[in-house]
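Taking it in order: structure first as C-alpha cells, then the write-up.
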Amino acid sequence: MDGIEVPKYFLCPISLQIMKDPVTATTGITYDRESIEQWLLTCKNTSCPVTQQPLPPESDLAPNHTLRRLIQSWCTENASLGVDRIPTPKPSLDKSHFFKLIKQLQQPGSNIKALQELDFLAAKNKRNRTFMVETGVPKALLSFIVNCFEEISVQGLAEALRVLVFIRIPLAEAKIFLQEYNDQIIKSLIWVLGCEFKPQVMVKSHAVLALKTMIQAASSGLLERLEPPFFEMITGVLKQTTTVSQQGMNAALHALLIACPWGRNRLMMVESGAVSALIDLELGSPEKRTTELILGILFHLCCCADGRAEFLSHKGGLAVVTKRIMKVSPTADDRAVFILSLISKFVATNSVLEEMVEVGTVTKLCMMLQVDSTAPYLKEKATGILRSHTDEWRKFPCIDKTFHKVY
C-alpha cells in the first residue's frame, strides 16, 4: 500500500487504520467498531475522542453501512496495488442469542459448549456483557455453580466463575438469588475454594470475588447463620497467599469484615485462626487497602476476650499495629488506635505494658499528639490510653523523652 493515498474519511480517528466495521457514535463521529469499543471499555472518563463530548460506555454504535460499502469498493478497485479487501462484518449479536445460550447452559449435553461461548463473548466487548446481565446470565451461572456443588462436579466451573467476574454480578440480582436459594450459593463457593484446579490462582480468586458479592448482598439473617466452614475456608485463603491474587485476597478480607458485626461470627473467626493469619499477612507489608481491611477485622476481633488473647499471643501483633500508625492512611490510624485502646482497657498486664514500651507504642501515641494532621478524636483516644497507664510507664527507664514532655 506504499504510495497509495487513502481517503481520510476511511481512516478510524483512533487507530488511524482503514475501518473494517465503521460505526457512528451518538456524537456523529464514525469509528472502527473494535477501536471505539476498546476505548469505551478502557477509559475511565469516557468521552468522544474527537469532540470530547460525553459518550457513556453503553452508548449505541450505529453501523455505517454506506461508508463500509464505499471502503469495500475502494479496496476492491485497488486490490492490484496491494490493498486487502475488507470483508463484510458479521451481524452483531442480540439478546436472543444469550437467551439461547442460557437454555443450552441448563442442558447437560450442551452446557460446557455454552459456557465456553459465554466466556469468549464476555471477554470480547462490553456490549456483550451488558446483554448478559440484561438477559439473566448471572443467575444462570450461579445456578450452574450450585448444581456443580450438589453433583460434586468441577467441570465448567472455571469458565462459569470467569464469566461472572467479567460481567460482575449486579447486587440486586444477587439479593434475589439469595432469597430463592438461601445460602446454597455461599456453601457452593466455599466448596469451590476447597477444590483443586489448574490454574489454581485464577479459579480461586474468581470464586472469592463472587463470594464477596454474595456476602455483600446477604441479609442480616443469613449473615447470622454463617457456619464454621465459611470462616475456616476464608482463613485458609489468608494463610496460603499464593493460592489467590491480590484482588482475591482483598475480596476474602472484605467478606470477613462484612461478617464481623455479629459476636457469633467473631468467635468462629478466632477459632479458625483468623487473628494469627491476619497478623502474619500484615507482617508481609501489603498494599494500603489490604492493611486497612486487616486492621478493620482485627479491631472487631479484639472486641471479644478470645480475640484479644489471640492477638497478644502473637509476638508480632502489637508491633505491627504500632508500626502502621501514621504510615498508611487515616483509616488505618483509626483502626490501629482503637485496637490499642481495647488492649489498654481490658488486658493491660505488666508484661503487655512493657511490650507496648518496647515496640514503640507509647512513643508513637505521643507523636500522634504532636502532629497537627491527627484527627481530634484520635488525639483524644491516644491521650486516654497514655493517661490510663502513666504511672506504670514512667517506671520504665527506656521510656521515650517525648512521653515525659507530654506527661
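The values are calculated or read from the model by the stated rules, or taken from the named source; none is laboratory data. Note that the structure is predicted; figures quoted are calculated from it, not measured. Don't worry about glycine lacking a Cβ; one is built from the backbone with ideal geometry, like all the others, and counts go over all protein chains shown. The accessibility values were calculated without ligands, DNA or RNA, using every heavy atom of the protein model including side chains. Shrake-Rupley method; radii C 1.70, N 1.55, O 1.52, S 1.80 Å.
On the accessible surface of the chain, probed at 1.4 Å, how many percent belong to carbon and sulfur atoms?
Solvent-exposed carbon and sulfur of the chain make up 52 percent of the total.
With the other protein chains left in place, how much accessible area per residue, in square angstrom, belongs to the chain at a 1.4 angstrom probe?
Normalised by residue count, the accessible surface of the chain is 50 Å².
So who's got an amide H within less than 5 Å of the one on residue 47, skipping anything under 5 residues away but keeping other chains? H placed 1.01 Å off N, in plane.
Placed amide hydrogens put 55 under 5 Å from residue 47.
Which residue fluctuates the most in the chain, going by a Gaussian network model with Cα springs under 10 Å, if the choices are 186, 176, 167?
176
If you plug each phi of region 155-161 into the Karplus form 6.51 cos²θ - 1.76 cosθ + 1.60 with θ = phi - 60°, what whole-Hz ³J(HN,Hα) values come out, in order, with x for Gly and Pro?
Running phi through 6.51 cos²θ - 1.76 cosθ + 1.60 with θ = phi - 60° gives 5, x, 5, 4, 5, 4, 5 Hz.
Around residue 243, what is the net charge, scoring Lys/Arg as +1 and Asp/Glu as -1 over all other residues with Cβ under 12 Å from its Cβ?
Around residue 243, the surrounding residues sum to +1.
Taking K and R as +1 and D and E as -1, what net charge do the other residues with C-beta under 11 Å from the C-beta of residue 285 add up to?
So the environment of residue 285 carries a net charge of +2.
Of the cross-linked pairs 90/198; 187/379; 8/113; 175/239, which ones have a Cα-Cα span greater than 32 Å in the structure shown?
Violating the 32 Å Cα-Cα cut-off are 90/198; 187/379; 8/113.
Which sequence of 279, 18 reflects their accessible areas, 1.4 Å probe, from the largest down?
Putting 279, 18 in descending order of accessible area: 18, 279.
Please report the relative contact order for the chain, taking Cα pairs under 8 Å with a sequence separation of at least 6, and give it as a percent rounded to a whole number.
In percent, rounded to a whole number, it is 8.
Report ³J(HN,Hα) in whole Hz for each residue of region 322-334, in order, from the Karplus equation J = 6.51 cos²θ - 1.76 cosθ + 1.60 where θ = phi - 60°; Gly and Pro get x.
Listing the rounded values in order: 4, 4, 6, 4, 6, 10, 10, 6, x, 5, 5, 4, 4 Hz.
Relative contact order for region 8-81 using alpha-carbon pairs under 8 Å, separation at least 6, rounded to a whole percent?
Answer for region 8-81 is 31 percent.
Placing unit charges on C-beta atoms (Lys and Arg positive, Asp and Glu negative, everything else neutral), compute the dipole magnitude of region 93-168 about its Cα centre in debye, rounded to 20.
380
Short version: ³J(HN,Hα) in whole Hz for each residue of region 357-372, in order, from phi by Karplus 6.51 cos²θ - 1.76 cosθ + 1.60 (θ = phi - 60°), x for Gly and Pro, what are they?
6, 5, 8, x, 4, 4, 4, 5, 5, 5, 4, 4, 5, 9, 9, 5
Rounded to the nearest 10 degrees, what's the angle between the helix 246-259 long axis and the longest principal axis of the chain, both from Cα atoms, 0 to 90?
60
Just to confirm a number: summing +1 for Lys and Arg and -1 for Asp and Glu over residues other than residue 110 whose beta-carbon lies under 13 angstrom from that of residue 110, what do you get?
Net charge in that neighbourhood comes out at +2.
For helix 184-193, report the angle its Cα long axis makes with the longest principal axis of the Cα atoms of the chain; keep it between 0 and 90° and round to the nearest 10°.
Computed tilt is about 80 degrees.
Starting from the Cα of residue 381, draw a straight line to each of the lysines and keep only those under 29 Å, dropping any in the same chain fewer than 8 residues away.
Correct list for residue 381: 288, 315, 323, 327, 345, 364, 395, 401, 405.
Rounded, prolate or oblate: pick one for region 8-81, where a ≥ b ≥ c are the square roots of the eigenvalues of its C-alpha gyration tensor, a/c under 1.5 means rounded, and failing that, prolate if a/b is larger than b/c, else oblate.
In terms of gyration-tensor shape, prolate.
Ignoring ligands, DNA and RNA, how do 377, 31, 181 rank by accessible area with a 1.4 Å probe, largest first?
377, 181, 31
For region 93-168, rounded, prolate or oblate, judged on the Cα gyration tensor with a ≥ b ≥ c (square roots of eigenvalues), a/c < 1.5 rounded, else prolate if a/b > b/c?
Prolate is the answer for region 93-168, as a/c is 1.5 or above and a/b outweighs b/c.
Between (i) 17.6; (ii) 20.2; (iii) 26.8, which entry matches mean projected area of the Cα convex hull in nm² as derived from the coordinates of this structure?
(iii)
In debye, nearest 20: dipole of region 8-81 around its Cα centre with unit charges on the Cβ of K, R (+) and D, E (-)?
140
Want the number for residue 4 to residue 95: 0.36 nm per residue separation, take away the alpha-carbon distance, what's left?
28.6 nm
Round to the nearest 10 and give me the degree value, 0 to 90, for the angle of helix 228-239's Cα axis relative to the longest principal axis of the chain.
90
Please report the relative contact order for region 93-168, taking Cα pairs under 8 Å with a sequence separation of at least 6, and give it as a percent rounded to a whole number.
Normalised by residue count, the contact order of region 93-168 is 37 percent.
For the chain, set up a GNM with springs between Cα atoms under 10 Å and report which of 28, 248, 136 has the largest fluctuation.
Ranking 28, 248, 136 by mean-square fluctuation puts 28 first.
Let me make sure I get this right: for region 19-174, a, b and c are the square roots of the gyration tensor eigenvalues over alpha carbons, sorted descending. Under 1.5 in a/c it's rounded, otherwise prolate if a/b > b/c, else oblate. Which is it?
prolate
Could you identify which residue out of 280, 60, 119 has the top mean-square fluctuation in a GNM of the chain using Cα springs shorter than 10 Å?
60
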